[in-house]
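Enquirer: Below you'll find the structure I mean.
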Amino acid sequence: MAEIKSSELILNPDGSVYHLNLKPEHIAHDIIFVGDQYRVEKITKHFDNVEFTTQKREFKTQTGTYKGKRITVMSTGIGPDNIDIVMNELDALVNIDLNTKQPKTELTSLNIVRIGTSGSLQTDIPVDSIVMSEYAIGLDNMLRSYLINEVTDKNIEEAFINHTNWDLRKGRPYVIKGSEKLAKLIESESIHKGFTGTAGGFYGPQGRVLRLNIQDENLNQKMDNFNHNGIRMTNLEMETAAIYGLGKLLGHETLSMNAIIANRANGTFSEDPYKAVDELIIYVLNKLVG
């Protein structure tokens, strides 16, 4: 196989990958994603120790141990475009020889769990609850830059497009299932299983109107009412589908856990969103070491 060109896999002078500022020895096999760089230490404060810390731009990484298990916590920033950077550079750390710039012959599959905040689309999924994203639908176009036909659920895609009368000028939505392996490890009766929407923006793409009119002012209501063989839309955020899609394509196990801090259906917001996030952090950490 031809060597990957330096313009395609960019390394820093110290040999670390360009955006994440990481070398292979800096990361664990089990990785937690957060959006906010300040949330990294809200997780690692529970660790037995932290062995490594670095940050470049919004990408902050800390690796340490929790109850004896080595775990990496990394901030991705917001949106599918940032996920494209993070997933590809993480994969390069374990599946490409950075010295020869040749893909390795044996695949290393990482376990990646996103801990994020989200807004519920359903009245019966209240604020301060937890949603595990069983499926995710990408309403952005990022993943369509790759060859994704083998990893998408076309039946749910078609049902969603027909139900919402989706304008394909915005791009075709894509549906990806999360890791069944990680779901079995982390699920419990206390959490909701969901179908998560991943938007490419916070305002118009999620139906918010300030000074600009939006293409479909009824889209949120249509998503609220979507139900395909019992699979209904539960929440809306900006990363999960991109993580699931690139995870499937690259061979990694990925799962998204969402602390519900807002309910778009009834207009409520958590009285203590920090507590909701802290409870989700402890829940995920204990499941990972369980």
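The values are calculated or read from the model by the stated rules, or taken from the named source; none is laboratory data. Everything numeric here is computed off the predicted structure, so don't read it as measured data. Positions of Cβ are backbone-derived with ideal geometry, glycine not excepted, and every protein chain shown enters the neighbour counts. Heavy atoms of the whole protein, side chains included, go into the accessibility calculation; ligands, DNA and RNA do not. Shrake-Rupley method; radii C 1.70, N 1.55, O 1.52, S 1.80 Å.
Enquirer: State which residue is most open to solvent (accessible area, probe 1.4 Å) when the search covers only region 246-280 and only residues that are of a type in the set (D, E, K, R) and modelled with pLDDT of 90 or more.
Expert: Applying the filter and picking the extreme gives E271.
Enquirer: I need the full set of residues from region 16-37 which are open to solvent by 20 Å² or more (accessible area, probe 1.4 Å) and assigned to a loop (DSSP other than H, G, I, E, B), in order please.
Expert: The answer is Y18, H19, N21, K23, H29, G35, D36.
Enquirer: A further question on this structure: Name the residues in region 38-48 that are open to solvent by 70 Å² or more (accessible area, probe 1.4 Å) and not in a helix (DSSP H, G or I), would you?
Expert: K45, D48
Enquirer: Here's a follow-up. Considering Y66, Y38, which residue is touching a Leu at 6+ places or on another chain (Cβ under 9 Å) and either without any contact (Cβ under 8 Å) to a residue 40 or more places away in the chain or over 26 Å from M142 (Cα atoms) (or both)?
Expert: Y66
Enquirer: Next up: Taking region 172-231 as the search range and keeping residues that are in contact with a strand residue (DSSP E or B) (Cβ under 8 Å, 6 or more places away or on another chain) and of a type in the set (D, E), which one is least open to solvent (accessible area, probe 1.4 Å)?
Expert: Ranking the qualifying residues of region 172-231, first place goes to D224.
Enquirer: Right, next: Residues in region 192-217 that are over 17 Å from R114 (Cβ atoms) and of a type in the set (S, T, Y): how many?
Expert: 1
Enquirer: Sticking with this structure for a sec: Return the residue satisfying two criteria in turn: it lies in region 73-109 and is farther than 25 Å from L185 by Cα and hydroxyl-bearing (S, T, Y), and of such residues it is surrounded by the fewest Cβ atoms within 10 Å (Cβ to Cβ).
Expert: T105
Enquirer: Also: If V50 satisfies all but one of (1) within 25 Å of T117 (Cβ to Cβ); (2) free of Cβ contacts under 8 Å to residues at least 60 places away in the same chain; (3) within 22 Å of the chain's Cα centre (by Cα), what's the number of the condition it fails?
Expert: The single condition V50 does not satisfy is (3).
Enquirer: Same structure again: Looking at region 110-156 only, could you name the residues that are among the aromatic types (F, W, Y) and either at pLDDT below 95 or open to solvent by 40 Å² or more (accessible area, probe 1.4 Å) (or both)?
Expert: Y146
Enquirer: Checking G230 against (1) at positive phi; (2) under 21 Å from the mean Cα position of the chain (by Cα): exactly one of these is not met. Which one?
Expert: Here G230 meets the rest and fails (2).
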